[in-house]
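The values are calculated or read from the model by the stated rules, or taken from the named source; none is laboratory data. Computed from a predicted model, the values in this text were never measured in an experiment. Neighbour counts run over all protein chains shown; Cβ positions are idealised from the backbone, glycine included. Areas reflect the complete protein model, heavy atoms only, side chains present, ligands, DNA and RNA absent. Shrake-Rupley method; radii C 1.70, N 1.55, O 1.52, S 1.80 Å.
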Amino acid sequence: MSAQITPPLPIPLLPVPLLSVKDIHKTYGGRIGCTDVSFDLYPGEVMGIVGESGSGKSTLLNCMAGHIPTDSGQVLFDTRDRGLIDTLTMSEPERRMLARTDWAFVHQHARDGLRMSVSAGGNVGERLMAVGARHYGDIRAQAVDWLGRVEIDEDRMDDRPSAFSGGMQQRLQIARNLVTGPRLVFMDEPTGGLDVSVQARLLDLLRGLVREMGLSAIIVTHDLAVVRLLADRLMVMKSGHVVETGLTDQVLDDPQHAYTQLLVSSVLQV
Amino acid sequence: MSDYNFAYLDEQTKRMIRRAILKGIAIPGYQVPFASREMPMPYGWGTGGVQVTAACLTPEDTLKVIDQGADDTTNAVSIRKFFEKTAEIAVTEKTGDATVIQTRHRIPEEPLGEGQILVYQVPIPEPLRFLEPRETETRKMHALEEYGLMHVKLYEDIARHGHIATSYAYPVKVEGRYVMDPSPIPKFDNPKMEMAAIQLFGAGREQRIYAVPPYTKVVSLDFEDHPFDPSKADHPCDLCGAEHTYLDEVIIDDAGGRMFVCSDTDYCAGRQAKGHRGRLSPTEEAAQ
């Protein structure tokens, strides 16, 4: 009898996923963009999506970020005030608010993510002003702080991004995105088009920021070295389908699917 | 009898414009699209303002037209003649006597009252245009009240010049909702926009009409630590001695000589008639 009234032992609660993607399906006319994609992303986790060109990884990222409409599926995000909510069906003002507070999107080409006619400081300050900051001194102080964190000198603050090198533009784009303290960052080939030494610095910087801020991130890339360094988990895509998932080291060191094996063996060992 | 329909435009067109005006007044600061007509003048000369004026005029109205505050500049004279010919209405240069005032780039110094309509000529109605070139995007930003970008422009000003250097077409927020371009009036005039008269804005080339109803709250955007400052040249008027009016700077010789005069010619003439004198006023002897 007494055993029956003892309260049950607390079951260790599974943490709530920050982002839960369910059966994303997107076609372009009759062609598959991506299909049957489901996964959970937990707070502080970095997920890599790899695959060749045309495998649907960028389509998937844009679907999740709400940049292009999805044919079916759900993208549930753990919002601060209302818990898990499907971002694909939420109202547009809400989604845009989310996109400039809790989310960030780093484009492959910095020019897509920056305002090229506005100074570096203005670029970083834009998100702050978009959420209501109206004190010039404070905005500027935060911009200085963030430019410092991405290793851009304070005296370059009033220069336009067009006067910056490719690597600096990319770092500026990252600063601009992270200034409002987002919880989830989407990155589309963040190191694409940069030379290797600049890539290495950027990766170092990203790894530091992700660990320090406890960010969750989804990184789309075709560069296996990038995911090896940054990602906790890996998803391999081919022809719009996910062919393999798992821990990064596990997938890269012991690839199971034929395509993953091909991908891993294609990397030139120097 | 004039061969023109009253005020040049046909009745259906005026009706269409009036509908846009009414909608604009119902939603202060919102840019209402309208089917702008070709007018017998080039774009940029006030085609939007002329269409709005034409739609507002009645045979009993008295019209005043100013350009940069002056009644006697080419643009003002031409538009005034245009309506004298096509509408056969009374015209005046006295701000107080006019019922409809079409203006380019100024608000008259004399406070306007109920029963008056101020019509602005607007070159580019979209305040966000220079930062966001996509019309689809700016419309969305207005709809969702996303006006952070407007402050980015002011931020850039301070970063580059140390203060908000925008001195005309200074963005305002109307009735706590829409951000609006007040047309290229000097920012000195911005505080006057909370007035008793109806303010209508017509952009002919861009095909937009917007409005500020009487006694509507109009706030100039700024930063907490860089408040809005309605600045003007730091001089009194050299003809009438006024210290509270917006001044034009006039170069008078090739040795650096210059004078400052009220840009509102009617107001300046009125003060001179009342005996006010400035630094360069003609003396009594010289006048005789």
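Annotations
- Taking segment A:91-102 as the range and being closer than 17 Å to B:GLY148 by Cα and not charged (D, E, K, R) as the test, the residues that pass are A:PRO93, A:MET97, A:LEU98, A:ALA99, A:THR101.
- Leading residue by the ranking (nearest to the other protein chains (Cβ to nearest Cβ)) among those in segment B:191-218 that are within 29 Å of B:ILE158 (Cβ to Cβ) and β-branched (Val, Ile, Thr): B:VAL218
- Residue list for segment B:164-180, filter: crowded, with 23+ Cβ neighbours inside 10 Å and of a type outside the set (Val, Ile, Thr): B:TYR170, B:MET180
- Hey, A:THR59 part of a helix (DSSP H, G or I), open to solvent by less than 30 Å² (accessible area, probe 1.4 Å) and in contact with a strand residue (DSSP E or B) (Cβ under 9 Å, 6 or more places away or on another chain) or not: yes
Quick grid of which residues meet (1) open to solvent by 50 Å² or more (accessible area, probe 1.4 Å); (2) closer than 15 Å to B:LYS173 by Cα; (3) among the aromatic types (Phe, Trp, Tyr); (4) touching a strand residue (DSSP E or B) at 6+ places or on another chain (Cβ under 8 Å):
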residue	(1), (2), (3), (4)
B:GLY202	no, no, no, yes
B:GLN207	yes, no, no, yes
B:ALA211	no, yes, no, yes
B:LEU221	no, yes, no, yes
B:GLU224	yes, no, no, no
B:ALA233	no, no, no, yes
B:CYS237	no, no, no, yes
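- Qualifying residue in segment B:101-111 (condition: surrounded by fewer than 21 Cβ atoms within 10 Å (Cβ to Cβ) and more than 18 Å from B:THR216 (Cβ to Cβ)): yes
Results for (1) modelled with pLDDT of 95 or more; (2) under 16 Å from the mean Cα position of the chain (by Cα); (3) within 14 Å of another protein chain (Cβ to nearest Cβ), shown as yes or no for each residue.
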position	(1), (2), (3)
B:GLU126	yes, yes, no
B:GLU132	no, no, yes
B:GLY148	no, no, yes
B:ILE164	no, no, yes
B:SER167	no, yes, no
B:VAL172	yes, yes, no
B:GLU175	yes, no, no
B:VAL179	yes, no, yes
B:ILE185	yes, yes, no
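- Listed by first and then second residue, the pairs with beta-carbon distance under 7 Å, at least 6 apart or on different chains, first residue in segment B:219-244 and in contact (Cβ under 8 Å) with a residue 12 or more places away in the chain and away from chain A (no Cβ under 14 Å), second assigned to a loop (DSSP other than H, G, I, E, B) and among the β-branched types (Val, Ile, Thr), are B:CYS237/B:THR245.
- Taking helices (runs of 4 or more DSSP H) as the structural unit, those lying wholly within segment A:116-182 and holding at least 1 residues that are open to solvent by less than 50 Å² (accessible area, probe 1.4 Å) and within 11 Å of another protein chain (Cβ to nearest Cβ) correspond to A:120-130, A:136-149.
- Among the residues of segment A:234-270, those identified as open to solvent by 60 Å² or more (accessible area, probe 1.4 Å) and touching a residue at least 24 places away in the same chain (Cβ under 8 Å) are A:LYS238, A:SER239, A:HIS241, A:THR245, A:VAL267.
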